[in-house]
1. Out of region 197-221, which residues are surrounded by 15 or more Cβ atoms within 10 Å (Cβ to Cβ) and over 26 Å from Ser317 (Cα atoms)?
2. Tell me yes or no: at least one residue of region 268-278 is basic (Lys, Arg), in contact with a Gly (Cβ under 8 Å, 6 or more places away or on another chain) and not assigned by TED's automatic domain parsing to the domain that holds Phe421.
3. I need the full set of residues from region 409-438 which are near ligand 1 (Cβ under 9 Å from one of its atoms) and at pLDDT 85 or above, in order please.
4. So in region 22-43, with the set limited to residues that are polar (S, T, N, Q) and more than 37 Å from the chain's Cα centre (by Cα), which one is farthest from Leu162 (Cα to Cα)?
5. Among the residues of region 241-261, are any surrounded by fewer than 16 Cβ atoms within 10 Å (Cβ to Cβ) and under 30 Å from Leu187 (Cα atoms)?
6. Any idea which residue in region 400-419 is farthest from ligand 2 (Cβ to nearest atom), counting only those that are surrounded by fewer than 21 Cβ atoms within 10 Å (Cβ to Cβ) and among the hydrophobic types (A, V, I, L, M, F, W, C)?
7. Would you mind finding the one in Ala377, Ala361 that is within 13 Å of ligand 2 (Cβ to nearest atom) and touching a residue at least 12 places away in the same chain (Cβ under 8 Å)?
8. Going through region 141-159 one residue at a time, which ones are surrounded by fewer than 16 Cβ atoms within 10 Å (Cβ to Cβ) and either charged (D, E, K, R) or part of a loop (DSSP other than H, G, I, E, B) (or both)?
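The values are calculated or read from the model by the stated rules, or taken from the named source; none is laboratory data. Given the structure is predicted, the values throughout are model-derived calculations rather than measurements. Note that we place each Cβ from the backbone using ideal geometry, even for glycine, and neighbour counts take in every protein chain shown.
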Amino acid sequence: MTADEQALAPHVRPLAKKTLSRQLVVRVTALVALLTVVLSLFTSLASFQILQRELDNRLEVAASRPFHGNSDGSAPGDLTGSGLIRIDTYQSTTVLTSSLTLSNEALTELMALTPGATAVTVNVDGVGLYRVLVRDYPSYTLVALPMTEVTSPLTSQIVMALVLTMATILAAYLATRRVVEASLRPLNRLTATATQVSNLPLERGEGQVPIRVAERDTDPVNEVGRVGLAFNHMLDNVENALAARHRSETKVRQFVADASHELRNPLASIRGYAELTRRSSETLPEDAAYALSRIESESDRMSALVEDLLLLARLDSQPTLELQPVDVTEMVLNAVSDARAADSTHEWALDLTEDVITASADPHRLHQVVANLLANARTHTPAGTQVTAALRAAEGFAAISVTDNGPGVPAEIQDKVFERFTRADASRVRQAGGSSTGLGLAIVSAVVRAHGGTVTLESEPGHTCFTVRIPLAAQNQPS
Ligand SMILES: Nc1ncnc2c1ncn2[C@@H]1O[C@H](COP(=O)(O)OP(=O)(O)O)[C@@H](O)[C@H]1O
Ligand SMILES: [Mg+2]
């Protein structure tokens with residue numbers, strides 16, 4: 001799997017880092033957490049104020065109740081058990097009413113408070129926080145109630161709020177996770193479909209795109225559904241475009257095949273008449289004889305071109321060959337001896353192995369491949385160049401290589417040397433003998449591809465090597 005394919009893989013782990021689902025879950029949960037915490041804080045604050053106001057009201061009630069000066073020293077009214085502290089100045093004596101024993105410091109501290117309309121909170125020495133209300137009308141009265149009346153219900157409320165906050169955050173996390181996963185599922189299915197489409201070999205075949213987003217993911221009301229719908233429209237469009245391209249390609253191919261075919265007969269006539277003229281009258285003027293020989297050689301060249309075009313058109317329209325086990329060793333041997341017979345100005349060498357190598361191939365086409373490579377080594381290199389044809393079997397392929405120590409394939413055409421009509425500049429071609437069409441290597445490439453093989457080129461001045469790899473025949477495969 002390449003990195004790209006991995007990135008496209010539809011099965012992203014739920015809540016994996018950087019995923020949209022994780023971002024959504026984290027953000028929603030964080031928002032809910034923030035809201036609940038703020039809400040709890042506000043409720044606690046409000047409760048504190050309500051409880052304190054209640055306490056203050058009780059203090060008001062207690063302060064406005066007249067002091068009866070119980071002789072037994074017990075607290076007045078029904079506030080006995082509530083921890084009330086009361087200090088009154090009664091007939092110029094100060095009376096303390098309290099169920100607690102207060103230290104002298106505490107008493108001094110309390111007596112030092114200035115009378116006022118509202119209660120204040122005081123940390124009374126030895127007994128803790130108290131809410132104190134001091135009145136000096138109609139007589140001095142101090143009432144105080146413990147702040148625990150406020151803090152203890154508040155504490156339990158805060159504990160409760162904390163527990164509820166935690167529970168809410170947990171619930172929010174679980175719920176958003178479920179909802180997000182469910183909502184993103186159609187998007188994941190869409191990704192899976194897109195991945196499948198991206199793996200289709202669209203450059204070949206008739207351009208059918210047999211994959212579509214399922215109907216349930218193409219609801220135009222839903223956002224993801226709209227993406228799905230648009231995606232399907234896009235695929236329809238792509239399919240139509242590919243089909244149109246395929247049709248026009250087929251037409252062009254058919255035209256080339258027909259045209260080549262139609263050119264064969266007139267060419268044969270031209271060649272025939274030229275030959276007839278040359279034979280019938282030996283006393284042709286010199287320039288006419290030259291023109292005649294040019295007509296013959298050019299019509300030969302054109303015939304070769306037409307044959308090459310026809311072969312390419314056939315390979316295009318029917319890229320499968322009838323494969324059979326072919327003794328490649330013998331084939332290379334024959335091709336090299338043909339080349340040696342055709343040209344003795346080059347040095348021809350063979351590099352074969354002991355074993356006979358058998359490939360699964362079309363014998364005529366494969367022979368043509370090797371012959372084309374050898375012809376190139378002959379026509380595109382100067383006399384005296386060494387050409388070596390080697391054959392090896394490796395990794396399920398028969399590797400045929402043709403190496404020469406000529407000037408090399410010009411760097412500017414190396415990238416496209418297997419394309420049709422690619423050849424070095426015209427002057428070199430004419431030097432090379434004039435039979436150059438620029439189709440030889442295109443044929444090599446098409447034939448090799450039809451065999452399920454590959455062809456590669458390495459070339460620099462002094463070393464040019466074309467290597468063709470063709471699948472070995474079953475009997476040649478190591479068992
Ligand atoms: N062995 C070689 N050495 C140098 N140049 C080469 C060799 N083989 C091919 N070429 C270059 O590649 C071009 C394309 O080759 P090919 O397709 O066979 O066309 P053609 O031989 O008809 O020109 C040639 O024109 C030539 O410039
Ligand atoms: Mg050639």
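1. If the condition is that a residue be surrounded by 15 or more Cβ atoms within 10 Å (Cβ to Cβ) and over 26 Å from Ser317 (Cα atoms), then Arg212, Val213, Asp217, Thr218 are the ones that fit.
2. Let us first name the residues in region 268-278 that are basic (Lys, Arg), namely 271, 278.
Applying the additional criterion that residues be in contact with a Gly (Cβ under 8 Å, 6 or more places away or on another chain) yields none.
The answer is no; no qualifying residue exists.
3. Within region 409-438, the first condition is being near ligand 1 (Cβ under 9 Å from one of its atoms), and the residues that meet it are 409-410, 413-414, 417-425, 428-429, 432, 435-438.
Answer for region 409-438, where residues must be near ligand 1 (Cβ under 9 Å from one of its atoms) and at pLDDT 85 or above: Val409, Pro410, Ile413, Gln414, Val417, Phe418, Glu419, Arg420, Phe421, Thr422, Arg423, Gly438.
4. Narrowing region 22-43 to residues polar (S, T, N, Q): 23, 29, 36, 40, 43.
Still in the list and also more than 37 Å from the chain's Cα centre (by Cα): 36, 40, 43.
Numbers: Thr36: 9, Ser40: 8, Thr43: 12 Å.
So the residue we want is Thr43.
5. Yes, region 241-261 contains a residue that is surrounded by fewer than 16 Cβ atoms within 10 Å (Cβ to Cβ) and under 30 Å from Leu187 (Cα atoms).
6. Ala411
7. Details: Ala361 fails: within 13 Å of ligand 2 (Cβ to nearest atom).
One residue alone meets the criteria, Ala377.
8. Result: no residue meets the conditions.
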